[in-house]
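Peer 1: Sharing a structure with you now.
The values are calculated or read from the model by the stated rules, or taken from the named source; none is laboratory data. Fair warning: this is a prediction, and the values are worked out from it, not measured in the lab. A quick note on method: Cβ atoms are made from the backbone with ideal geometry, for glycine too, and the neighbour counts reach across all protein chains shown. Note: accessible area is taken over every heavy atom of the protein model, side chains too, but ligands, DNA and RNA are not part of it. Shrake-Rupley method; radii C 1.70, N 1.55, O 1.52, S 1.80 Å.
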Amino acid sequence: MTRPTAAYRPRRLRLRDGREVTLRAIGAADAPAIVQAFERLSAESRYARFMQHKPRLDPAAVDRGVHPRPGRDFAFVATIPSSSGFDIVGAAQYVRADEADPTTCEFAITVAEDWRGSGLARQLLASLVRRARHDGYARMEGTVIAGNAKMLALARGLGFETRPDPDEAGVVRVERAL
């Protein structure tokens, strides 16, 4: 059973390429920066993340994303300073996979184009695994396009098992116990 989510203190992360980001919990004020980060993604990256062609983010989905439900959902953003205050260069979230099952959550990760290969995705997913465990989840799962070899390698490297999705060709399910 999940328990109420405790506050998450922001922390600085030095990535393997030497760059630094601040990892912190998402907040309602992040909505415009989330939209800007989405708009900077290539069409291919959008498809890999959402598994459909998505020209824009639905405002209701953005609103849900920046208002995680304590004990059920959680989202991190990785930020860097910018002339406008900050830019979001990565995000990771988990949500309860099935409202009837309080033990399993589903994750999603997005990393800005020019931050790929920096180790940011690994840091985001590892932090998300720890947070979900802390919040009382027993399993984490995700859905990955079969051609997304880097994401599949990352998941395997963090202990996720992979298997083809029996209901959807070209999709792989990744799962691990927490």
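Peer 1: Which pairs do you get when a residue that is without any contact (Cβ under 8 Å) to a residue 24 or more places away in the chain, found in segment 138-164, comes within reach of a residue that is open to solvent by 40 Å² or more (accessible area, probe 1.4 Å) and polar (S, T, N, Q), reach meaning Cβ atoms under 8 angstrom, with the pair 6+ apart or on two chains?
Peer 2: Final answer for the pair search is LEU152/THR162; ARG156/THR162.
Peer 1: Somewhere in segment 159-167, is a residue of a type in the set (Lys, Arg) and exposed (fewer than 13 other Cβ atoms within 10 Å of the Cβ)?
Peer 2: Initially, segment 159-167 is screened for residues of a type in the set (Lys, Arg), giving 163.
Within this subset, residues satisfying the condition of being exposed (fewer than 13 other Cβ atoms within 10 Å of the Cβ) are 163.
Within segment 159-167 (the criterion being of a type in the set (Lys, Arg) and exposed (fewer than 13 other Cβ atoms within 10 Å of the Cβ)), the answer is yes, since at least one residue qualifies.
Peer 1: Then there is this: Hey, does segment 8-18 have a residue that's out of contact with any Leu (no Cβ under 7 Å at 6 or more places or on another chain) and not in a loop (DSSP other than H, G, I, E, B)?
Peer 2: Within segment 8-18, one or more residues are out of contact with any Leu (no Cβ under 7 Å at 6 or more places or on another chain) and not in a loop (DSSP other than H, G, I, E, B).
Peer 1: Also, quick follow-up: One residue is enough: does segment 6-23 have a residue meeting the conditions of a type in the set (A, V, I, L, M), open to solvent by less than 40 Å² (accessible area, probe 1.4 Å), at pLDDT 90 or above and out of contact with any strand residue (DSSP E or B) (no Cβ under 6 Å at 6 or more places or on another chain)?
Peer 2: yes
Peer 1: How many residues, within segment 62-103, are among the charged types (D, E, K, R), in contact (Cβ under 8 Å) with a residue 40 or more places away in the chain and more than 21 Å from ARG19 (Cβ to Cβ)?
Peer 2: Within segment 62-103, the first condition is being among the charged types (D, E, K, R), and the residues that meet it are 63-64, 69, 72-73, 87, 96, 98-99, 101.
Checking which are in contact (Cβ under 8 Å) with a residue 40 or more places away in the chain leaves us with 72, 87, 96.
Then keep just the ones that are more than 21 Å from ARG19 (Cβ to Cβ); that gives 72, 96.
The qualifying residues number 2.
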